[in-house]
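Just so it is clear, none of the values below were taken in a lab; they were calculated from the coordinates. Please read these numbers as outputs of a predicted model, since none were measured by experiment. Backbone-built Cβ (ideal geometry, glycine too); neighbour counts: all protein chains shown.
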Amino acid sequence: MSSSARVAGVEVPTGHWIGGGRLGSARTFADHSPIDGALLAEVARGGAAEVEAAVSAARQAFGGWSRTSRERRAELLHAIAEGIEKRTDELARVETADNGALLRSHLRGVMPRAAHNFRFFANWLVDELAHPEFDTRGHRNQVSWDPAGVCALITPWNAPLMLATWKIAPALAAGNTVVLKPAEWTPLTASLLADITAEAGLPDGVFNVVQGFGAEAGAALTEHPDVRRISFTGSVPTARTIAAAAARNLVPTSLELGGKSPLLVFADADLDLAVRLAVEQYDNAGQVCLSAVRLLVEEPVAEEFQRRFLERASLLRQGDPRELDTDIGPQVHPRQLDRIDGFVRRAVAAGATVALGGEPNSELGGLYYRPTLLTGARPGSEILTEEVFGPVLTLQTFSGEEQGIAMANDSRFGLAATLVTGAPARAERVSARLVAGTVWVNCFFVRDLRAPFGGSRESGIGREGGTWSFDFYCDVKNSVYAQ
Ligand code: NAD
């Protein structure tokens, strides 16, 4: 038995999606909105039994789907994209109710990107995924990308549908079947996506969703012996648990994890641009893995940078994310708000100065944390080394290129780095030495799905995007034919 809930005017199924049908669980969990704490839904709370059913459905569906022609698979992925496009408004409203991120961003950027994920990998499969051939002493080598099997996908709450589709689309395009376990704080859009895949005509069992907690459904899924790939986006501690489970079954794992990325501003930079990029780091209330939260500014311009930054940041409108002129909404969950506040309090106790914000927004109440800038933090201190995942930036100064690079790289993470400079030669020199999966020069968050995406150091293992995604989701095979 399964049911549904009405969220933001949309009927959202609250059960799992297994083998092309809805399934409830004896237990449920409460899903609250970060906007006002309202109860949105009681969602099915899956465990080992539901995971068993979903993996089994995915395994059964694999034979047919993996042998379906590339063209037909691509056609179905385009149909899913079309379904997302048609329901953009509903998906955006439900996502905003569920995770508190701006409706404006969901409408203009996030949901279109979710659809684009499907279109991109469908096109890449048909147009770009070459099968190289070469000759060895009269033998013809032919490389093929064979689907791997059942893929377990585990996703976080900060961009639920977008991050899920970034994994689902290449996994399905490659001919795999999928079991998705969405984050328990934001389970709803995955449920709508299941409806969309069914409407698009995706065969039963090719895409499955098990709702529930990480330690229950998530653990059962990543430990399942029939899973052939695990793709995870989330925190470092969870990644360690998943990597241990994957090691037992020797399953290739893609890990997209946290960050503590730098934004380097050189004295020769266009300061207005630097300030604009720095203020952008408050997007999604700071709940973005790629955020450049460590502002590193060259000494001669540091004072002027800070003055202009404070001027611009003070114009940000904090409030209800459903209003289209809001710039910063709430944090996702009371636990996150407390965590952020704890980081800031400890930083101040350890000697940092609050230049902006530094506390929850008491005028708004609820889960709103003021955009915050801390200066004077002690090198090596917690606020400079741990991922806060909230609207908290630090500002440090440096003297000369060597010191700037050293400070930027002084992190156990290596997800992204942004640098602002007016000197093209410096841009090349510095970006070559930064330890990061992505370096942005005089820009931020420009993403092309053809590009490799992933992190260095503790920010992750593996790269996805373009053929890198197919490398991960496939067993790459070389066949040698005697001529
Ligand atoms: P999290 O690790 O707590 O949870 C992520 C997912 O893992 C959830 O679905 C959760 O239920 C599941 N999970 C938890 N324990 C599990 C277990 N033992 N076995 C299997 N699954 C388990 O992370 P979060 O708090 O939801 O997300 C925030 C983190 O994600 C931040 O560190 C952020 O930087 C990172 N992130 C990274 C990227 C990237 O692309 N690099 C993108 C977005 C977020």
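May I ask you to derive the relative contact order of the stretch 262-441, considering only C-alpha pairs under 8 Å and at least 6 residues apart, and to give it as an integer percent?
Details: 329 pairs, mean separation 51.2, N = 180.
This gives 28 percent for the stretch 262-441.
Note on LEU273 and ARG378: the extension gain reaches 35.1 nm, defined as 0.36 nm multiplied by sequence separation minus the Cα-Cα distance. When only alpha carbons are used to place a centre, the stretch 303-336 and the stretch 220-279 end up 25 Å from one another.
3J(HN,Hα) couplings calculated from phi for the stretch 76-91 with the Karplus curve 6.51 cos²θ - 1.76 cosθ + 1.60 (θ = phi - 60°) are, in sequence order, 5, 5, 5, 5, 5, 4, 4, x, 5, 4, 5, 9, 3, 4, 5, 4 Hz; Gly and Pro show x. With θ taken as phi - 60° and the Karplus curve 6.51 cos²θ - 1.76 cosθ + 1.60 applied, the whole-hertz 3J(HN,Hα) list for the stretch 25-30 is 10, 4, 9, 10, 10, 8 Hz, x standing for glycine and proline. The residue among LEU76, MET111, ALA26 whose Cα reaches farthest toward the positive pole of the charge dipole of the stretch 1-111, with charges on the beta-carbon of Lys, Arg, Asp and Glu, is LEU76.
With an 8 Å Cα cut-off and a minimum separation of 6 or more residues, compute the relative contact order for the chain in percent. Walk me through the intermediate numbers first.
Numbers: 1123 pairs, mean separation 85.0, N = 483.
In percent, rounded to a whole number, it is 18.
Here the Karplus relation 6.51 cos²θ - 1.76 cosθ + 1.60, evaluated at θ = phi - 60°, turns the backbone of the stretch 416-428 into coupling constants of 8, 8, 10, 10, 10, 8, x, 10, x, 5, 5, 4, 5 Hz, with x for every Gly and Pro. Put simply, the amide H of GLY422, placed in the peptide plane, has neighbours under 5 Å in ASP268, ALA269, ASP270, leaving out anything fewer than 5 places away on its chain. With a Cα-only, solvent-free Debye model of the chain, what are the log10 I(q)/I(0) values at q = 0.07, 0.13 Å⁻¹? Rounded to two decimals, the profile gives -0.38, -1.21. Amide H contacts of ASN141 (H built 1.01 Å from N, in plane; Pro and chain starts excluded): PHE134, ASP135, THR136, TYR481 sit under 5 Å, all sequence-distant by 5 or more or on other chains. Look at the dipole of the stretch 3-161 built from charges on Cβ: of ALA61, VAL51, ILE35, the Cα furthest out on the positive end belongs to ALA61. Counting only Cβ charges, +1 for Lys and Arg and -1 for Asp and Glu, the dipole size of the chain around its Cα centre is about 900 debye. Each stretch of four or more DSSP H residues adds -39500 (n - 2.57); spread over every residue of the chain, this sum gives -11500 deg cm²/dmol at 222 nm. Along the axis of the charge dipole computed for the chain (Cβ charges of +1 for Lys and Arg, -1 for Asp and Glu, origin at the Cα centre), the listed residues HIS139, VAL441, LEU316 are led at the positive end by HIS139. Under 5 Å from the amide H of ALA355 lie the amide H atoms of LEU373, LEU374, THR375, each residue being 5 or more positions distant or on a separate chain, with H modelled from the backbone and absent for Pro and chain starts.
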